[in-house]
Amino acid sequence: MIRRCDNSDFDTIWTIINDGAQAYKGIIPADRWTEPYMPREELQRQISEGVVFYGFEESATLAAVMGIQNVQDVTLIRHAYVRTSSQKRGLGTLLLSHLRGLTSAPVLIGTWVNATWAIHFYEKHGFQLVSPEEKDRLLIKYWTIPERQIETSVVLADSNWRHPGNK
């Protein structure tokens, strides 16, 4: 069952993000990796800035989380993570489909350039990589991330973004 997460889910969201993010260890640049991957304070900041998490719950336990954030004229998909023990079961697909159904705005997703599995996942669901120049512009406009992360990231856009008026 997919449901909107609330304040009582904070610790579980934090745990799932940091468990799922283990896939990035050794893949993303070493200077971008931290333990934990996302500190509690950063997660709280993200939520305070408007990231709303949804989760896939089974047997009264969250197995996956994905955030959505409306920023200006777009919707960002943020922090999509599945517990290691629940991966490869389609939970990310279910959450992505649900979140896309919540907005009519163009949807953008940022991820690490070396996270090829994540890029392929989003491409499989109709997203396309934007050019490096467009990526830089979008990350500066819609995200609040360090310059080094901009250098080491990509942005994928859905078909609503790719219409001529949005480029």
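The values are calculated or read from the model by the stated rules, or taken from the named source; none is laboratory data. None of the values given here were measured: they were computed from a predicted structure. No Cβ is skipped: glycine too gets one built from the backbone with ideal geometry, and neighbour counts run over all protein chains shown. Note: areas computed on protein heavy atoms with side chains; ligands, DNA, RNA excluded. Shrake-Rupley method; radii C 1.70, N 1.55, O 1.52, S 1.80 Å.
Most simply put, the chain has about 90% antiparallel DSSP beta bridges, counting only bridges with both residues inside it. Charge tally around I150: other residues with Cβ under 14 Å, Lys/Arg +1 each, Asp/Glu -1 each, net -1.
In the context of the full set of protein chains, the stretch 21-100 has a per residue accessible area of 48 Å² (1.4 Å probe). Report, in debye and to the nearest 20, how large the dipole of the chain comes out about its Cα centre when Lys and Arg carry +1 and Asp and Glu carry -1 on their Cβ. It works out to roughly 400 debye. By accessible area, using a 1.4 Å probe on protein heavy atoms only, the stretch 1-119 has 51% of its surface on carbon and sulfur.
Heavy atoms of the protein chains alone define the surface here; on that basis the stretch 117-165 has 55 Å² accessible area per residue at 1.4 Å probe size. Grab the DSSP H runs of the chain that are 4 residues or longer, score each as -39,500 (n - 2.57), total them, divide by all residues and round the 222 nm result to the nearest 500 deg cm²/dmol. Taken over the chain, the calculation gives -9500 deg cm²/dmol.
Per residue, the average separation of C-alpha pairs within less than 8 Å and at least 6 apart gives the chain a relative contact order of 21 percent. Anisotropy class assigned to the stretch 1-56 is prolate, per the alpha carbon gyration tensor with a/c at or over the 1.5 cut-off and a/b larger than b/c.
For H125, the solvent-accessible surface with a 1.4 Å probe is about 50 Å², rounded to the nearest 10. Given a 10 angstrom Cα cut-off, can you work out which residue in S97, S131, S59 is the most mobile in a GNM of the chain? Answer for the Gaussian network model of the chain: S59. Checking every one of the GluC sites (Glu not before Pro) in the stretch 14-100 against DSSP loop status and a limit of 12 other Cβ atoms within 10 Å picks out E49. For the stretch 1-158, the square roots a ≥ b ≥ c of the C-alpha gyration tensor eigenvalues yield an a/c under 1.5, which makes the shape rounded.
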